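The values are calculated or read from the model by the stated rules, or taken from the named source; none is laboratory data. Every value quoted in this text rests on a predicted model; they were computed, and no experiment measured them. Using ideal geometry, Cβ is built from the backbone for each residue, glycine included, and neighbour counts are taken over all protein chains shown. Note: accessible area is taken over every heavy atom of the protein model, side chains too, but ligands, DNA and RNA are not part of it. Shrake-Rupley method; radii C 1.70, N 1.55, O 1.52, S 1.80 Å.
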Amino acid sequence: MNQLPSPKPWLPYLLWTMFTFILLITLYLSFQSGPATKALEKPLVTQVTGTLKNTPTQEQILTITYYLRQAGRAILFFALGFTGSWAIILTFRKVTTKIRILSTASMLFVIAFFTEFMKLFIEGRHYSFPQCLEGFFFGMLGYLCIGMILYLTAHHKDRIKKNAGAEA
């Protein structure tokens, strides 16, 4: 009961490819120097704030770019958790759920810690363990979302089979 649906044979490969692509984007953005990171976002923020009647101060623009970076980081880690855990679930179907959860959590924590720890060696960046935990949290949120989707899908298919069997 509640078996995971059989995936298309190409789906795990696609998910691992997506996970790798998102991981490379995350690493690229994480390893930018402080000035380079701000330079990436400044044109976007300047264009958006240029439409306002009251021009924001430089400090307000820096605050906006900071929150933009944090939101982007949260989205990337959510996507890493979503695609990575889905790929793990489909690739290692015969492994127990407990081991899959622990391996997913370990993978996401290592990625979050590594990207944050490496900031110690990058000019203009700083290490922040709370940001490491934040990335890990959003990654695990991605895991919970795909886990619930797959569970509900399997549960729904089981109910359909039971109802079809009762009618026969």
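Within region 102-113, the set of residues being surrounded by 14 or more Cβ atoms within 10 Å (Cβ to Cβ) and of a type outside the set (S, T, Y) comprises A105, M107, L108, F109, I111, A112, F113.
Being at pLDDT below 90, within 16 Å of the chain's Cα centre (by Cα), of a type outside the set (A, V, I, L, M) and farther than 16 Å from I146 by Cβ is true of R69. Consider region 82-111 and keep the residues that are charged (D, E, K, R) and in a helix (DSSP H, G or I). The one that is farthest from I22 (Cα to Cα) is K98.
Report the residue count in region 152-168 for those that are over 28 Å from the mean Cα position of the chain (by Cα), open to solvent by 90 Å² or more (accessible area, probe 1.4 Å) and in contact (Cβ under 8 Å) with a residue 40 or more places away in the chain. Number satisfying all stated conditions: 0. Per the listing E134, E116, E123, E59, the residue uniquely closer than 30 Å to Q47 by Cα, in contact with a Ser or Thr (Cβ under 6 Å, 6 or more places away or on another chain) and either assigned to a helix (DSSP H, G or I) or open to solvent by 50 Å² or more (accessible area, probe 1.4 Å) (or both) is E123.
Within region 97-112, count every residue that is of a type in the set (A, V, I, L, M, F, W, C) and more than 14 Å from the chain's Cα centre (by Cα). Looking only at that region, the number is 3.
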